[in-house]
1. When the dipole is taken about the Cα centre of segment 25-84, and only Lys, Arg (+1) and Asp, Glu (-1) are charged at their Cβ, what size is it in debye, to the nearest 20?
2. Does segment 13-109 classify as rounded, prolate or oblate by the C-alpha gyration tensor (a ≥ b ≥ c root eigenvalues; a/c under 1.5 gives rounded; else a/b over b/c gives prolate, otherwise oblate)?
3. Magnitude of the Cβ-charge dipole of the chain, K/R +1 and D/E -1, about the Cα centre, nearest 20 debye?
4. From the list (1) 88; (2) 177; (3) 130, can you say which value of volume of the Cα convex hull per residue in Å³ was derived from the structure given?
5. Which of the peptides 18-26, 126-134 is most tightly packed, and how do the rest follow, going by the mean number of other Cβ atoms within 10 Å of each residue?
6. Which of the lysines could a cross-linker bridge to LYS148, judged by Cα under 19 Å and excluding same-chain residues fewer than eight apart?
7. For the chain, give the percent of accessible area contributed by carbon and sulfur heavy atoms, probe 1.4 Å, rounded to a whole number.
8. Lysines within cross-link reach of LYS129: Cα-Cα under 21 Å, excluding same-chain residues under 8 positions apart?
Amino acid sequence: HRIMECLDFCREYKEETDVSAAMEELIAKGRIRKDAAALVAPGKIYKFFRSELGGRMQTAARKGTLKKEQPFVIGLPYSEVYKTEEADPAELVMVQGIIDACFEEEGELVLVDYKTDSVQENVKEVLTKRYKTQLDYYEQALCQVTGKTVKERMIYAFTNGEAFAVE
């Protein structure tokens, strides 16, 4: 996640070696640790930048509408978070998190969540089930903070290089 936060999305990555060079520059500048970078396969990041989602995010970065690693804190009804009707409707639970990325397209937002889970089969189904609620909270936070509509909620799975929408 740190590497994706630090990489310049306006930059053109024509080959895997371009990603490797960018990572080396980030190490030299002290933005990422060498030991952490060693755990990341530049080929997987290159594949991301070659994907449709990666291209859309690069376009947004060039327009100045890409936001990365956006922290948030929102208050949600206790009954919504814990799925119970016994709670006082006025009781709130503070939910905090960091949104990996979001960008604007045609006045609406696209929410992006990177996943590095080691899932081998049914990646879309497994990750959707595992993270749908998290994306629900992220969407609520973005809507509250920006006043804009989230038109898409996307997961990018680095395990297999697949991007997919979560309904």
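The values are calculated or read from the model by the stated rules, or taken from the named source; none is laboratory data. Since the structure is predicted, the reported quantities are computational estimates derived from the model, not experimental observations. Cβ: placed from backbone, ideal geometry, glycine included. Neighbour counts: every protein chain shown. Heads up: the accessible areas ignore ligands, DNA and RNA and are worked out on the full protein's heavy atoms, side chains in. Shrake-Rupley method; radii C 1.70, N 1.55, O 1.52, S 1.80 Å.
1. The dipole magnitude comes to about 280 debye.
2. prolate
3. Details: 24 positive and 30 negative charges, 133 e Å.
Its charge dipole is roughly 640 debye.
4. So the calculated entry is the one marked (3).
5. Details: 18-26: 17.7, 126-134: 14.9.
Those peptides, ordered most packed to least, come out 18-26, 126-134.
6. Output for LYS148: LYS63, LYS67, LYS68.
7. Numbers: 4590 of 9460 Å².
Carbon and sulfur: 49 percent of the exposed surface of the chain.
8. Partners found: LYS83, LYS115, LYS151.
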